[in-house]
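Shown next, in structure tokens, is the structure this report addresses.
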Amino acid sequence: MVVLGAQGIVAFFGVLLVVMSLAGIASPPMLLRTVGRVVDRRRGLVFAVVVRVVLGVALLLAAAVSRWPVLFQALGWLALAAAVAIPFIGRDRLSSLVDWIQGFHPVVVRVWLVLGLLFGAVLVLGAVG
């Protein structure tokens, strides 16, 4: 029962990533403005940590029944490591990173978003394996 829930959470994150990537491909400035607003808020940092913890734990729990258990385990640990690292990076540095990315040409942003779309598809396909 717990594993089934974890698979659903991973699949949900995958679908969300696909939808966000498609929205960003359609309008990179809109997506980057939205991300910038979230990062600039005090709760944005907490939100980023919580999302990574939930995804990391779900990936680890779903790994055994996924199509790609080793990949899901690696991604789970990576997500948890990112959750730990984010508070040390801090809001100012994350905001600077978003500002830097906003300076990218829209084609470059779209290429990265295509990779995000593919990653979301991997999460969905692996979770429903």
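Taken together, the values in this text are just the output of simple stated rules run on the coordinates, not laboratory data. It should be emphasised that the depicted structure is a prediction, and the values quoted were computed from it without experimental measurement. Here the Cβ is made from the backbone with ideal geometry for all residues, glycine too, and neighbour counts use every protein chain on show.
Quick one, could you list the DSSP H helices from the chain stretching 15 Å or more along their long axis (Cα atoms) with average Kyte-Doolittle hydropathy of 1.0 or above?
Helices passing the filter in the chain: 2-26, 42-62, 69-102, 106-127.
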* Asked: Anyone know which of S21, S66, S95 comes out most mobile in the 10 Å Cα GNM of the chain?
  -> S95
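Answer rounded, prolate or oblate for the chain, using the Cα gyration tensor with square roots of eigenvalues a ≥ b ≥ c: rounded when a/c is under 1.5, else prolate when a/b is larger than b/c, else oblate.
Oblate.
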* Asked: Modelled label-to-label distance, T34 and L118, 7 Å Cα→beta-carbon offset: nm?
  -> 2.3
